[in-house]
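A quick write-up on the structure given underneath.
The values are calculated or read from the model by the stated rules, or taken from the named source; none is laboratory data. Please read these numbers as outputs of a predicted model, since none were measured by experiment. For neighbour counting, all protein chains shown are included, and Cβ atoms are generated from backbone atoms with ideal geometry for every residue, glycine included. Keep in mind that these areas ignore ligands, DNA and RNA; they rest on the heavy atoms of the full protein, side chains included. Shrake-Rupley method; radii C 1.70, N 1.55, O 1.52, S 1.80 Å.
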Amino acid sequence: MLKPADNFFLQQQEPAKSCFLALRKIILAHNPEIVESWKYGMPFYCYHDKMFCYLWVHKKYKKPYMGIVEGSKVSHPLLIQEKRARMKIMLIDPQKDIPVKIIYGILNAALLLYNK
């Protein structure tokens, strides 16, 4: 039986679909304590039962993005605050290679906040 998050990924159009599936794999492989859940109608990733990051499509730019829940405390030039108080996002261009090393760096910085 498919999980709600599975349906989200399957409903996406290419190339966003492949991009989201790759991001899902990158996030889950980054740390065995990160688990996928379904919150607020989107795939969320939790670390020690706390909301950590999520995947969604930017309304204006129509691009996939990875949202970092405690993003306001993470400094990286590719993280965008927009009108969010707590979260920052990283837009991903589905037409280009995913910057895995950059994503790992951002995930590591965010994990440090949860391990203090």
Share of the chain's accessible area from carbon and sulfur, percent, 1.4 Å? 56 percent
The correct pair for the range 1-68, radius of gyration to one decimal and Dmax as a whole number, both in Å and from Cα atoms, is 11.5, 33
What is the calculated FRET efficiency for K73 to M1, with r their C-beta to C-beta distance and R₀ = 35 Å, to the nearest 0.05? 0.40
When the dipole is taken about the Cα centre of the range 33-116, and only Lys, Arg (+1) and Asp, Glu (-1) are charged at their Cβ, what size is it in debye, to the nearest 20? 420 debye
Note on the chain: contact order normalised by length, alpha-carbon pairs under 8 Å, 6 or more apart, percent, works out to 18 percent
Charge tally for neighbours of A109 with beta carbon under 14 Å away, counting Lys, Arg as +1 and Asp, Glu as -1, is +3
Loop-resident chymotrypsin sites (Phe, Trp or Tyr not before Pro) in the range 1-107 with no more than 10 other Cβ atoms inside 10 Å, DSSP not H/G/I/E/B, are Y40, Y61
For the range 51-101, the convex hull over Cα atoms projects on average to an area in nm² of 3.8 nm²
The summed charge of the L79 Cβ neighbourhood (under 12 Å; Lys/Arg +1, Asp/Glu -1) stands at +1
For the chain, calculated [θ]222 nm from helices alone, where every DSSP H run of n ≥ 4 adds -39500 (n - 2.57): -10500 deg cm²/dmol
Using a basic spin-label model with each label point 7 Å from the Cα along Cα→Cβ, how many nm lie between Y61 and Y114? 2.4 nm
Short version: what are the Cα gyration tensor semi-axes of the chain, square root of 5 times each eigenvalue, largest first, in whole Å? 20, 17, 14
For the range 17-116 the GluC sites (Glu not before Pro) that pass both the DSSP coil test and the at-most-11 other-Cβ-within-10 Å test are E82
